[in-house]
Amino acid sequence: MAGSSAKDMTVGSPMKLILGFAVPLLFGFLFQQFYSMADTIIVGRTIDVYALAAVGATGAIAFLILGFVQGVTSGFSVITAQRVGAQDEQGVPRSVATSILLSVGVTIIFTILSVLTARPLLELMQTPADIIDDAYNYIIVIYYGIAASVFFNLFSSIVRALGDSRTPLIFLIVACIINIALDFVCILVFRMGVAGAGWATIIAQAVSAVLCLLYSLKRFPVLRLHREDWAFSWRFAWQHLRIGLPMAFQFSVTAIGVMIMQAALNSFGSTTVAAFTAASKIENIVSQPFNSLGVTVSVFAAQNYGAGRIARIREGVRKSTLFSLIWSVFGAILVVFAGRPLIRLFVGDASATVFDQAQYYLNIMAVFLFALGQLFIYRNILQGVGKGGMPLAAGFAELVMRALAAFVLTGALGYLGVCLANPIAWIGAAVPLAIAYFIYMHKMKKNGDRIV
């Protein structure tokens, strides 16, 4: 696009484009995890293991809301990326303005909803009595700061839709540094307990969101919106919601499954919750290459879909699958042989039971990493071409699988049932998504690679 400074992903080597986009994105996601991990590590090491368990017990209900936010803002940016690929110089700023207006509405609705339901959800999930107050004190701060998460995700997604994965990285690094510094200040200096970790996260995200916006306005002329760009059209808004809402609900449906699993986990007590929390943080780090691949192929697919270059989408999936396989092997080796030193980062000198249970989950998770990688690829490809219905259906499949694990496997197998819940959910979602992708691509190939 003339004068936009957007990166065109519809020409050039798909492998080079995917790697060039995914690597900065990967570092960005890793830093995002680091400042999330900072809360957990600092809480676990400076307060106690029960505070660690309290923060971990909020993961599912946090994901219920923040996953929706991430999904809906990512969905809005798919339209932006398609307009970039179609060289639509009027459509891009209109899409950005519409996304901002819709995000304001999302922020208001979900701030109210989440604050009102925080305590009841923790009670519904049978959060242990010795950690429920700290869990509530942490999550309520995160919920009051939803606006920071909404607009940081939105601005990052829009910039990525323009083909730039480096700018969000810069401000994620800034957020990480601010978050770690504020963790120590709020917890050790002001003695705010776990709530201090929540405030550190929210302030860091808010500062990064503002900085990302200001820098992006300077770098991308197309983001300097004019009065006519703000003209609201329900028809154009629906194009964004048609993709954003299925993506958002897909995340939330997955979160409900995680909540069910968390409730089953809570029944094993605070020690097991702490062990699983530590292992889950390590899992999040190991899965970030898959996450970066997923976002990359979504932008790649959206731009090429907008340009009508369908064969390039298939090639992008093949290259991404190769990267996924390589990382699956490396990641499995990492968590199996370096798991215990990584666990120690979170729990310090905790009991042997914590280490054993955390490593037990990591060993099981390692076997199924490739299924997780393919889940990210196929889900994001379908979302990138505007087919959000199947990822939503796959989210329901994940919900069913996790519910079965919680209600059936946990009763029969104990902690092993909890450990199998995620891998079973990954397979249950990845298989139908792969089938949907190949059916859709076969249909387009028969149609001469014309959009259907």
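Need the full-extension length gain, Ala338 to Lys446, defined as separation in residues times 0.36 nm minus the C-alpha distance. One decimal, nm.
34.1 nm
Using a 7 Å offset from the Cα along the Cα-to-Cβ direction at both Arg191 and Asn363, what is the distance between the two label points in nm, to one decimal?
4.4 nm
With point charges of +1 on the Cβ of Lys and Arg and -1 on the Cβ of Asp and Glu, referenced to the Cα centre of the chain, which listed residue (Ile146, Gln262, Tyr437) lies farthest in the positive direction of the dipole?
Tyr437
Once you treat every alpha carbon in the stretch 317-397 as an equal point and sum by Debye, what is log10 I(q)/I(0) at q = 0.27 Å⁻¹?
The Debye formula, applied to the Cα set alone, gives -1.15.
Please list 260-272, 240-252, 431-443 highest first by mean number of surrounding beta-carbon atoms within 10 Å per residue.
240-252, 260-272, 431-443
How many angstrom lie between the Cα centre of the stretch 411-451 and the Cα centre of the stretch 173-231?
Using only Cα atoms, the two centres lie 35 Å from each other.
Normalised by the empirical 2.2 N^0.38 Å for globular proteins, what value does the Cα Rg of the stretch 259-305 take?
Numbers: Rg = 16.5 Å, N = 47, 2.2 N^0.38 = 9.5 Å.
Compactness ratio reported: 1.73.
Would you mind getting the Kirkwood hydrodynamic radius of the stretch 1-114 from its Cα pairs, rounded to one decimal in Å?
Numbers: mean 1/r = 0.0576 Å⁻¹.
Here the Kirkwood hydrodynamic radius works out to 17.4 Å.
With respect to the cross-link table entries Lys319/Lys446; Lys7/Lys445; Lys387/Lys443, which display a Cα-Cα separation exceeding 20 Å?
Lys319/Lys446; Lys7/Lys445
Using only the Cα atoms of the stretch 355-448, what do you get for the radius of gyration and for Dmax, in Å?
Cα only, the stretch 355-448: 15.7, 55 Å (Rg, Dmax).
Cα axis of helix 389-404 to longest principal axis of the chain: angle in degrees, 0 to 90, nearest 10?
Once rounded, the angle reads 10 degrees.
Which length gain, in nm to one decimal place, applies between Val104 and Ala393 when the Cα-Cα distance is subtracted from 0.36 nm times their residue separation?
101.3 nm
Hey, how much of the P(r) for the stretch 99-213 falls beyond 16 Å, as a percent of Cα pairs?
Here the long-distance tail beyond 16 Å is 65 percent of all Cα pairs in the stretch 99-213.
Over all directions, average the projected area of the Cα convex hull of the stretch 85-127 and note it in nm².
About 4.6 nm², averaged over all directions.
Between Asp48 and Glu228, what is the label-point separation in nm under the 7 Å Cα-to-beta-carbon projection?
Inter-label distance under the simple model: 6.5 nm.
For the chain, which whole-number percentage of the solvent-accessible area (1.4 Å probe, protein heavy atoms only) is attributable to carbon and sulfur atoms?
68 percent
Using a 7 Å offset from the Cα along the Cα-to-Cβ direction at both Ile326 and Val115, what is the distance between the two label points in nm, to one decimal?
4.8 nm
Accessible area per residue of the stretch 113-272 at 1.4 Å probe, in Å²?
43 Å²
I'd like the orientation of helix 166-184 relative to the chain: the angle between its Cα long axis and the longest Cα principal axis, in ° from 0 to 90, rounded to 10.
So the inclination is approximately 20 degrees.
Treating the angle as unsigned and between 0 and 90°, give the value, to the nearest 10°, between the Cα long axis of helix 369-384 and the longest Cα principal axis of the chain.
The two axes meet at around 40 degrees.
Nearest 20 debye, what's the magnitude of the dipole of the chain about its Cα centre given +1 on Lys and Arg Cβ and -1 on Asp and Glu Cβ?
1680 debye
Which value, in Å³ per residue, describes the convex hull spanned by the Cα atoms of the stretch 168-278?
Details: hull volume 18.5 nm³, N = 111.
Dividing the Cα hull volume of the stretch 168-278 by its residues yields 167 Å³.
Identify all aspartates and glutamates with a Cα-Cα distance to Lys16 below 19 Å; exclude those on the same chain that are fewer than 8 residues away in sequence.
Filter leaves Asp8, Asp164, Glu315.
Determine the distance separating the Cα centre of the stretch 93-113 from the Cα centre of the stretch 63-92; give it in Å without decimals.
Cα centres, the stretch 93-113 to the stretch 63-92: 12 Å.
The values are calculated or read from the model by the stated rules, or taken from the named source; none is laboratory data. In this text, all values refer to a predicted model and were calculated from it rather than measured experimentally. All Cβ positions, even for glycine, are placed from backbone atoms using ideal geometry, and neighbour counts span all protein chains on display. Surface areas here come from the heavy atoms of the whole protein model, side chains and all, with no ligands, DNA or RNA. Shrake-Rupley method; radii C 1.70, N 1.55, O 1.52, S 1.80 Å.
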